[in-house]
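Dropping the structure in here first, questions after.
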Amino acid sequence: MRTVARDFPEVIGAISDDGVRALFSQRFLVATEIYDELVDAACLRIFEEVGREFSAEEELPAHTRPAFRYIVAKLTHGGFLRSGIRTEAAGKARSVESLAAELAETEPDAAVGAEIVSLLAAEAPDFFRGRKSGEEILFSPARLPLWIRYFSNANILYTINNTLGAETLARVLPAGAEVLEIGGGCGSAAEAALRKLGPSVSRWRFTELVPTFARRGERAARAAAAPETVVEAAKVDMTKPWEAQGVAPASFDAVYSVNCFHVAPDLGFVLREARAALKPGGVVVVSECVRPGTNPPPSYVDFVFNFLTSFTNVTLDPVLRPNHGFLSPAAWRASFAAAGFQGVTLVPDVDAVAARYPKFFVGAVVARR
């Protein structure tokens, strides 16, 4: 069983912030390295099967092309393809099954990630043939339990965004703060933040759109909150005007969200709505997977979500949002500034970290009204 992460010294050496550095454990990095290899194996299996039917990207259904481009880029960067042709390394690659088993043995609570990747490896051909959408494969009612397990603080692969977000939120909130959480999902982000913040939060409004997730999320938030904290729950669709959904203007000290804003079809609209919800001087904290630098390597975190139209079908802008999905620090800064925010920063300094460790992929955006 793998216990030492190849990249651990590089990651720890690249993060100057003591509080953030402590979040990136050896355990976490071991799990990410196994999962990254697992995604490579799944991409190789999908490419080999799809390639037998389609000789060019243009032959694929349009909505499947972002996923195919990602697969080619990931395999090329990993040395498994060269000019679209399998390399010798591809023949020596480990199987999806062996890597899934290693992840399950190493981190049992992260094995759900391997289940999701294995599911896509098996059903992706139907996706590329246009027989099934990514949403049908990944989010059918029978598969919602997978995501409840995945979006959990027990899953070491996922919780990093929650713990980084909680650490960042704790640094910027005033005493007695009132917080609006957008896209709370199953509640793991609220759970981590409320446990970190304790009684310093006077009111926490948990919001989520999917009823199955919302019920679990509300329970998790209430269980984690200090007795002094009032926990509210509401249904809010961030893509529609917030005031009409019960979010009064200038009523919160902070707007908080984890891995949600990047799927907004119109990111500028969502950021303007978040700003309107803040009191003067209020703060927004958005903990997200990121794409640092100008030419970041394909990250394993993009694999699953490139099969979803909600991830790929968004309004682009050459500066504010040059790509679908996860954004660069520069794009986040530009988008927040364009929405009227001040003092936009990232925790940690993602670009500085990525200069030493290009595969770094997580950061919290902080900005004030």
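Check Val283, Val258, Val350 and return the single one that is within 26 Å of Arg171 (Cβ to Cβ), out of contact with any Asp or Glu (no Cβ under 8 Å at 6 or more places or on another chain), buried (at least 16 other Cβ atoms within 10 Å of the Cβ) and not polar (S, T, N, Q).
Val350
In the range 81-94, which residues are surrounded by 13 or more Cβ atoms within 10 Å (Cβ to Cβ) and under 13 Å from Arg45 (Cα atoms)?
Those that are surrounded by 13 or more Cβ atoms within 10 Å (Cβ to Cβ) and under 13 Å from Arg45 (Cα atoms): Leu81, Arg86, Ala90, Ala93, Arg94.
Table: residues versus (1) surrounded by fewer than 16 Cβ atoms within 10 Å (Cβ to Cβ); (2) touching a Gly at 6+ places or on another chain (Cβ under 8 Å); (3) assigned by TED's automatic domain parsing to the domain that holds Phe24.
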residue	(1), (2), (3)
Ala166	no, no, no
Ala190	no, yes, no
Ala221	no, yes, no
Ala225	no, no, no
Thr239	yes, no, no
Asp253	no, yes, no
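Right, next: Identify, please: which residue in the range 1-15 is of a type in the set (A, V, I, L, M) and assigned to a loop (DSSP other than H, G, I, E, B) and is, among those, surrounded by the fewest Cβ atoms within 10 Å (Cβ to Cβ)?
Step by step, filter the range 1-15, then rank; the result is Met1.
Another question about this same structure. Being at pLDDT 95 or above and of a type in the set (A, V, I, L, M) is the filter; apply it to the range 304-319 and report the residue that is farthest from Phe128 (Cα to Cα).
Among them, the one singled out is Val304.
State which residue pairs qualify: first residue crowded, with 22+ Cβ neighbours inside 10 Å and inside the range 297-312, second residue among the acidic types (Asp, Glu) in any location, beta carbons under 6 Å apart, and separation of 6 or more residues or different chains.
Listed pairs, sorted by first residue: Tyr300/Asp36.
With the condition kept exactly as written, say whether any residue in the range 58-66 is among the polar types (S, T, N, Q) and at pLDDT 95 or above.
Yes, the range 58-66 contains a residue that is among the polar types (S, T, N, Q) and at pLDDT 95 or above.
How do the pairs read when you match residues in the range 326-349 that are in contact (Cβ under 8 Å) with a residue 24 or more places away in the chain with residues anywhere that are polar (S, T, N, Q), using Cβ under 7 Å and keeping only pairs 6 or more apart or on different chains?
Val347/Thr168
So that you can scan it fast, the table gives a plain yes or no per residue for (1) touching a helix residue (DSSP H, G or I) at 6+ places or on another chain (Cβ under 7 Å); (2) within 15 Å of Ile182 (Cβ to Cβ); (3) not assigned by TED's automatic domain parsing to the domain that holds Thr163:
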{"residue": "Phe261", "(1), (2), (3)": "yes, yes, no"}
{"residue": "Ala277", "(1), (2), (3)": "no, yes, no"}
{"residue": "Val286", "(1), (2), (3)": "yes, yes, no"}
{"residue": "Tyr300", "(1), (2), (3)": "yes, no, no"}
{"residue": "Val319", "(1), (2), (3)": "yes, no, no"}
{"residue": "Gly325", "(1), (2), (3)": "yes, no, no"}
{"residue": "Ala339", "(1), (2), (3)": "yes, yes, no"}
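Please find, among Ala41, Ala5, Ala104, Ala100, the residue that is over 20 Å from the mean Cα position of the chain (by Cα) and modelled with pLDDT under 95.
Ala5
From the residues in the range 112-127 that are aliphatic (A, V, I, L, M) and surrounded by 18 or more Cβ atoms within 10 Å (Cβ to Cβ), which one is farthest from Ile46 (Cα to Cα)?
Only one residue fits best here, namely Val112.
May I ask you to list the residues in the range 286-296 that are crowded, with 17+ Cβ neighbours inside 10 Å and among the hydroxyl-bearing types (Ser, Thr, Tyr)?
Residue satisfying the conditions is Ser287 alone.
Hey, among Val30, Val20, Val39, which residue is touching a strand residue (DSSP E or B) at 6+ places or on another chain (Cβ under 8 Å), part of a helix (DSSP H, G or I) and closer than 30 Å to Val347 by Cα?
After applying the criteria, what remains is Val20.
Here's another thing I want to ask about it. Looking at (1) in a helix (DSSP H, G or I); (2) of a type in the set (Asp, Glu); (3) touching a strand residue (DSSP E or B) at 6+ places or on another chain (Cβ under 6 Å), find the lone condition where Asp253 falls short.
That leaves (1) as the condition not met.
Still on this model: Can you tell me which of (1) closer than 13 Å to Leu44 by Cβ; (2) surrounded by fewer than 16 Cβ atoms within 10 Å (Cβ to Cβ); (3) of a type outside the set (Asp, Glu) is the one Gly130 doesn't meet?
(1)
The values are calculated or read from the model by the stated rules, or taken from the named source; none is laboratory data. Only a predicted model underlies this, so the values are computations on that prediction, with no experimental measurement involved. Heads up, the Cβs are rebuilt from the backbone with ideal geometry, glycines too, and the neighbour counts pull from every protein chain shown.
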